[in-house]
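The values are calculated or read from the model by the stated rules, or taken from the named source; none is laboratory data. These figures come from a predicted structure and were not determined experimentally. Note: ideal-geometry Cβ built from the backbone for every residue, glycine included; neighbour counts use all protein chains shown. The protein model used for the area step is the full one, side chains on, heavy atoms only, and it has no ligands, DNA or RNA in it. Shrake-Rupley method; radii C 1.70, N 1.55, O 1.52, S 1.80 Å.
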Amino acid sequence: MKPIIEIQGIHKIYSLGETRIHALSGVSLSIKRGAFISIMGPSGSGKSTLMNIIGCLTTPNSGTYLLEGENISQLPYSALPYIRNKKIGFIFQQFHLLPKLSAICNVKLPLIYAGYKFRERHLLAYEALASVGLKDRISHLPNQLSGGEQQRVAIARALVNQPVIILADEPTGNLDSNTGKEIMGIFKLLNQQGKTIILVTHEESWTAYTSRIIKLKDGKVVEDE
Amino acid sequence: MNRFLECIRIAFLSMSTNKLRTTLTMLGVIIGVSSVVIVGAVGKVGKKLVFEELETFGLTNLWVYRQWEEKPGKVEKHGTGITNDDIEAIREQCSLVNLVSPCLGKWGGVWAKYKTKYAKIIVEGVDVDYAKIDNAYLEIGRFLITDDIEYRRNICIIGSDVYQKLFNGKEDPINLQIYIENKSYTVVGVLKRKDRNFIENLGPKGSIPNANERVIIPYTIIQHQENTKDVHYIQASAYSKDMANEATEQIKKLLTKRHKGQYTYESETMQEHIEFANTIINILAWIALTAASVSLIVGGIGIMNIMTTTIVERTKEIGLRKAIGAGDIDILVQFLVEAIVISLCGGIIGIGLGIIITFILEVLNKYPFIISFVYLVLAFFVSIVVGVISGIYPAIRAASLDPVEALRYE
């Protein structure tokens, strides 16, 4: 089976005034469909940059990135939002829910940009929320929900458009350890249902949930097991 | 369409989250738009009133009189340059002139007396057609007839102010005697009232004063008193108001020819006065409209300011929307729509406010309630344009944000 993600010799350089920062220097990776991977590394190791490239939020300076066989690094900038919408589900440390929208409206957001009709949006968003156990919370505003519930809304939002990969950037960073476990449990479940999940984390303990650990340092892969 | 409706929904949502700020932002547009509506309505009412007033003079009216040259060293020719024979010639030869009347007036310091009561009056000696030319209607009695002119009958038709002052407006004045310059005249009619709120001074050399202070007598009486066949000026009517200027030229040409160029003539037409009044109202409307557009510009800057602030505040939201699939154009449209919605809401409130203020102004002044729909439509579209212009820059800024940076923004 072809891998879902194939990365070959990716370089990413940021210019900060005079200094050039080599965020990634020649990273190569291949990720199979249905994998649950954790990316680890100290701050400045380039793991965020790698996430941003995999998530199509930015493009590498050189190297190739194939997502489901499609060469992302050759796509024009204007095509990236479409890829993000259809293929990527983002989960952030700070949840990034829109505070004025109810849980279900937050979940509907990606569907709006995907062009679904109102009825379909409502149905899909409801199902996604139900799948993370928030059936009774659909009309609550984010500030009426606990941290764990908010992150579950964010997971529902990431799932609602049936993405091919889920990118979770420190998803438990703002949660206590019990709630963190809950969230990790959801990821485990999703992975068992066949979802490909990439998790960026500081916490050694979460790596127990994952099937493969990639460690980065100074923009290079130093460990891959 | 879907996304567009969503944009409008989001716009209302973000407007409602900070109601005070939204209201203050709208205020500029509200004031500007309501001013546009009021200016439009006032202009329209003004025109209607001026037109109605001028109509009481007769819209086809024209006046011709001698130009009194005052050049040093040049001896003034005697006479008014217009005689009874000229009037006859005009009747026969000027094809565009419908009716014509010779006019002789006594304008300064003339008093009428009835028993112990006095009234300051203007004496106008005119011909039988004058009533039709001047749109002078009778309250009671009759106007001049040919015999009155021919036999120089000492009769008069009095204006409504004169009637009020001499007869308290109650007594039946017909066939009663009044005295003007120690001569007695029999009252045969009373003229209907003419309102002159806007234009007090129209007519030859701006000197038809209060039409209600007139006493009309046969022009032959004044000619007999002054022992002349001259008339002071001509008042005539053209067949239509568009012909008035040409008819005037016909008369002037004929007079010049008949007097072998000894005199030059001046003229006025009601048409000129209508145009003049319209010009003044239009100038005033433009001044007011300029003031209104200043407040619209200020309103637009207010929206631009608030949109820029909003975008900084909502950087994370923009980042998130981009991450989950919003393109630059989606973000641009979202914030542009938001600016337009603010401006348009301001515009609609402004139109409502403008109508209410116009209504109050017009009703308080007992004017007819008129709204200028052209200006309503104008105000509506202007508020959209203000929204687009003030929203485009902040929207472009929002659209060009880098999603990675925006998501990290604290």
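Applying the selection to region A:115-124, what residues are more than 10 Å from every other protein chain (Cβ to nearest Cβ) and either over 22 Å from the mean Cα position of the chain (by Cα) or closer than 21 Å to B:S16 by Cα (or both)?
A:R119, A:E120, A:H122, A:L123
I'm trying to understand the selection: among the residues of region B:306-332, which are open to solvent by 40 Å² or more (accessible area, probe 1.4 Å), in contact (Cβ under 8 Å) with a residue 40 or more places away in the chain and more than 7 Å from every other protein chain (Cβ to nearest Cβ)?
Within region B:306-332, B:D328, B:I329 meet the criteria.
Tell me the residue from B:K44, B:K48, B:K19 that is of a type in the set (K, R) and surrounded by 19 or more Cβ atoms within 10 Å (Cβ to Cβ), please.
Result: B:K44 is the single residue among B:K44, B:K48, B:K19 that is of a type in the set (K, R) and surrounded by 19 or more Cβ atoms within 10 Å (Cβ to Cβ).
Since A:G219 meets every condition but one in (1) open to solvent by less than 30 Å² (accessible area, probe 1.4 Å); (2) without any contact (Cβ under 8 Å) to a residue 60 or more places away in the chain, which condition does it not meet?
Result: A:G219 passes all but (2).
Given (1) more than 17 Å from A:D169 (Cα to Cα); (2) away from chain B (no Cβ under 14 Å); (3) out of contact with any Pro (no Cβ under 7 Å at 6 or more places or on another chain), identify the lone condition not met by A:K32.
Unmet condition: (3).
List the pairs whose first member sits in region A:63-75 and is among the charged types (D, E, K, R), whose second member is not in a helix (DSSP H, G or I), and whose Cβ atoms are under 8 Å apart, counting only residues at least 6 apart or on separate chains?
Within 8 Å, the pairs are A:E68/A:I4; A:E68/A:V164.
When you scan region A:107-209 for helices (runs of 4 or more DSSP H) that lie fully inside it, which ones turn up with 1 or more residues that are open to solvent by less than 20 Å² (accessible area, probe 1.4 Å) and closer than 30 Å to A:G46 by Cα?
By residue number, A:147-159, A:177-192.
Any idea which residue in region A:71-90 is farthest from A:V107 (Cα to Cα), counting only those that are in a strand (DSSP E or B) and more than 7 Å from chain B (Cβ to nearest Cβ)?
If we take residues in region A:71-90 being in a strand (DSSP E or B) and more than 7 Å from chain B (Cβ to nearest Cβ), then A:N71 is farthest from A:V107 (Cα to Cα).
Do we have any residue at all in region B:288-307 that's assigned by TED's automatic domain parsing to the domain that holds B:C7 and within 30 Å of B:S101 (Cβ to Cβ)?
Checked against the condition, which is being assigned by TED's automatic domain parsing to the domain that holds B:C7 and within 30 Å of B:S101 (Cβ to Cβ), region B:288-307 yields no hits at all.
Answer with yes or no whether B:F369 is open to solvent by 50 Å² or more (accessible area, probe 1.4 Å), of a type outside the set (A, V, I, L, M) and in a helix (DSSP H, G or I).
no
Counting only residues that are within 10 Å of another protein chain (Cβ to nearest Cβ) and among the hydroxyl-bearing types (S, T, Y), how many does region A:46-62 have?
Adding up the residues that qualify gives 3.
Identify, by number, the condition in (1) of a type outside the set (F, W, Y); (2) within 16 Å of the chain's Cα centre (by Cα); (3) surrounded by fewer than 22 Cβ atoms within 10 Å (Cβ to Cβ); (4) within 14 Å of chain B (Cβ to nearest Cβ) that A:S43 doesn't meet.
Single failed check for A:S43: (2).
Please verify whether region A:96-105 includes one or more residues that are surrounded by fewer than 15 Cβ atoms within 10 Å (Cβ to Cβ), within 11 Å of chain B (Cβ to nearest Cβ) and part of a loop (DSSP other than H, G, I, E, B).
Checked region A:96-105: at least one residue is surrounded by fewer than 15 Cβ atoms within 10 Å (Cβ to Cβ), within 11 Å of chain B (Cβ to nearest Cβ) and part of a loop (DSSP other than H, G, I, E, B).
From the list A:T19, A:T64, exactly one residue is touching a strand residue (DSSP E or B) at 6+ places or on another chain (Cβ under 8 Å), among the β-branched types (V, I, T) and open to solvent by 10 Å² or more (accessible area, probe 1.4 Å). Which is it?
A:T64
So, A:I112, is that one more than 29 Å from A:I39 (Cα to Cα), in contact with a helix residue (DSSP H, G or I) (Cβ under 6 Å, 6 or more places away or on another chain) and more than 13 Å from chain B (Cβ to nearest Cβ) or not?
Answer is no for this residue.
Under 35 Å from the mean Cα position of the chain (by Cα), surrounded by 22 or more Cβ atoms within 10 Å (Cβ to Cβ) and in contact (Cβ under 8 Å) with a residue 12 or more places away in the chain: does that describe B:Y130?
When the stated conditions are applied, B:Y130 passes them.
Regarding B:I274, is this residue on the phi < 0 side of the Ramachandran plot, open to solvent by less than 60 Å² (accessible area, probe 1.4 Å) and away from every other protein chain (no Cβ under 14 Å)?
Criteria met by B:I274.
Quick check: anything in region B:384-393 away from every other protein chain (no Cβ under 14 Å), surrounded by fewer than 22 Cβ atoms within 10 Å (Cβ to Cβ), out of contact with any Leu (no Cβ under 7 Å at 6 or more places or on another chain) and farther than 29 Å from B:V42 by Cα?
Checking region B:384-393: at least one residue is away from every other protein chain (no Cβ under 14 Å), surrounded by fewer than 22 Cβ atoms within 10 Å (Cβ to Cβ), out of contact with any Leu (no Cβ under 7 Å at 6 or more places or on another chain) and farther than 29 Å from B:V42 by Cα.
Can you name the residue in region B:394-410 that is within 14 Å of another protein chain (Cβ to nearest Cβ), in a helix (DSSP H, G or I) and open to solvent by 50 Å² or more (accessible area, probe 1.4 Å) and is also modelled with the highest pLDDT among such residues?
B:E405
Which numbered condition in (1) surrounded by fewer than 19 Cβ atoms within 10 Å (Cβ to Cβ); (2) of a type in the set (K, R); (3) assigned by TED's automatic domain parsing to the domain that holds B:A398 is the only one that B:K257 fails?
That leaves (3) as the condition not met.
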